[in-house]
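The values are calculated or read from the model by the stated rules, or taken from the named source; none is laboratory data. None of the values given here were measured: they were computed from a predicted structure. With ideal geometry, Cβ positions are generated from the backbone for all residues, glycine too; neighbour counts draw on all protein chains shown. Surface areas here come from the heavy atoms of the whole protein model, side chains and all, with no ligands, DNA or RNA. Shrake-Rupley method; radii C 1.70, N 1.55, O 1.52, S 1.80 Å.
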Amino acid sequence: MTTVFIDGAAGTTGLEIRERLANHAGLTLVQLEGDKRKDPAARAEALNGADVVILCLPDDAAKEAVSLITNPAVKVIDASTAHRTAAGWAYGFAEMEPGQREKIAQSTRVTNPGCYPTGFLALMRPLTRAGLIPEGMPVTVNAVSGYSGGGRSMIAEFEDKDAANYTSTVVRTYGLSLQHKHVGEMQAHAHLSHPPIFAPSVGRYYRGMLVEVPLHLWALKGHPSVHAVHEVLCRSYVDQALVDVASLEDGHTTLDAELLSGTDLLKLFVFGNEQRGQVRLIAALDNLGKGAAGAAVQNLNLVTGRPETEGLVL
């Protein structure tokens, strides 16, 4: 029997993880009830007594939790931003690199990718690895997410009409200081020399997201065709259960940010114009699914030797 302690289980991501683990055979959830959740001794005991700990906490609290773990046998999956570029942590995006699954499975420290970086890296990393995009190339990322990506405070902001900061806005862009916390993660794991320009937005819907990378093909090495870019992505995700690349004849004339809402899937699209030498690469996913809880459960399955998609919403 594998024991799992979710530190921060009452938060949005924690609740989603618990739902996915409800039907996991051979798993027992360690839970702290009432005041024990804030009792340092009880928390430390739970952190050190579980086989796997999943952290659904703010960055500083996640770092504190890791510092409390003295049992070398405990495996940690951190859903915060705290360790996404840290040495000694496996990056928990199994499909991103050849051999990444094995790194995750063999690690005791796994950091969940961010939701936006999951979409960006799924599109970008195959192209930098193939040499189509030079490391020094300037890159732009446009994205929109449902408001659940902001956690309880943003959910209240959009849903609670009695909240002091309630908003009825339809779409709001943010990250205007160009200092968004996901940028370093995007740059490091895409193997880019310079930070991408990241332009995120939040829409008035609960879950689901689109992440887009527009490219001028005439500016890329070898001036690849739309078909060549598409082929690189297709080769990178052959036989992946959770990642699919749409055909160039997919037929979409619009794309809905809620396309994969409620699933743990990730779908990639290439929309291009050969005559103009331009493409729009777009990733669709659920920010709470493959972008958060789904990824955590996938990583849990890998570090415990379970079927990779067990408990996931396909």
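Hydrodynamic radius of region 73-127 by the Kirkwood approach over all distinct alpha-carbon pairs: 11.5 Å. Spin-label model, Leu29 to Thr85: label points 7 Å out along the Cα-to-beta-carbon direction sit 3.4 nm apart. Using alpha carbons only, how many degrees (0 to 90, rounded to 10) separate the axis of helix 59-68 from the longest principal axis of the chain? Roughly 50 degrees between the two axes. Annotation: amide H-H contacts under 5 Å for Val76 (H modelled 1.01 Å from N, sequence separation of 5 or more, or interchain): Val53, Arg109, Val110.
Rounding to the nearest 10 and keeping the result within 0 to 90°, find how far the Cα-based axis of helix 226-236 lies from the longest principal axis of the chain. Orientation of helix 226-236: about 30 degrees from the principal axis.
Shape call for region 93-161 from the C-alpha gyration tensor, a ≥ b ≥ c root eigenvalues: rounded (a/c under 1.5), prolate (a/b greater than b/c) or oblate? Judged from the Cα gyration tensor, region 93-161 comes out oblate (a/c at least 1.5, b/c at or above a/b).
With the whole protein complex present, Trp218 retains an accessible surface near 150 Å², based on a 1.4 Å probe.
The angle between the Cα long axis of helix 40-49 and the main principal axis of the chain comes to about 70°, on a 0 to 90 degree scale.
Solvent-accessible area per residue in the chain equals 45 Å², computed with a 1.4 angstrom probe and all protein chains kept. Taking a ≥ b ≥ c as the square roots of the eigenvalues of the Cα gyration tensor, region 56-202 is oblate, since a/c reaches 1.5 or more and a/b is not larger than b/c. Computed from the C-beta positions of His252 and Lys161 and an R0 of 41 Å, the FRET efficiency is 0.70 to the nearest 0.05.
Remark: the Glu231-Ser153 segment gains 24.0 nm on full extension, using 0.36 nm per residue and subtracting the alpha carbon distance.
Take each peptide in 231-240, 288-297, 172-181, count the other Cβ atoms within 10 Å of every residue, and average; sorted highest first, the result is 288-297, 231-240, 172-181. Peptides 25-33, 199-207 ranked from most to least packed give 199-207, 25-33, packing being the mean of other C-beta atoms within 10 angstrom over each peptide's residues.
Within the listed set Asp60, Asp286, Asp264, the residue fluctuating most in the Gaussian network model of the chain (springs between alpha-carbon atoms under 10 angstrom) is Asp60. Our note on the geometry: Cα centres of region 176-231 and region 2-40, 34 Å apart. Surface composition of the chain: carbon plus sulfur atoms contribute 51% of the solvent-accessible area (1.4 Å probe, protein chains only, all chains present). Computed from the C-beta positions of Ser67 and Ser193 and an R0 of 51 Å, the FRET efficiency is 0.95 to the nearest 0.05. If you model the chain as an ellipsoid using its alpha carbon gyration tensor, with each semi-axis the square root of five times an eigenvalue, the axes come out at 33, 22, 18 Å, biggest first.
For the peptides 44-50, 184-190, residues were scored by their other Cβ atoms within 10 Å and the scores averaged per peptide; the highest-first order is 184-190, 44-50.
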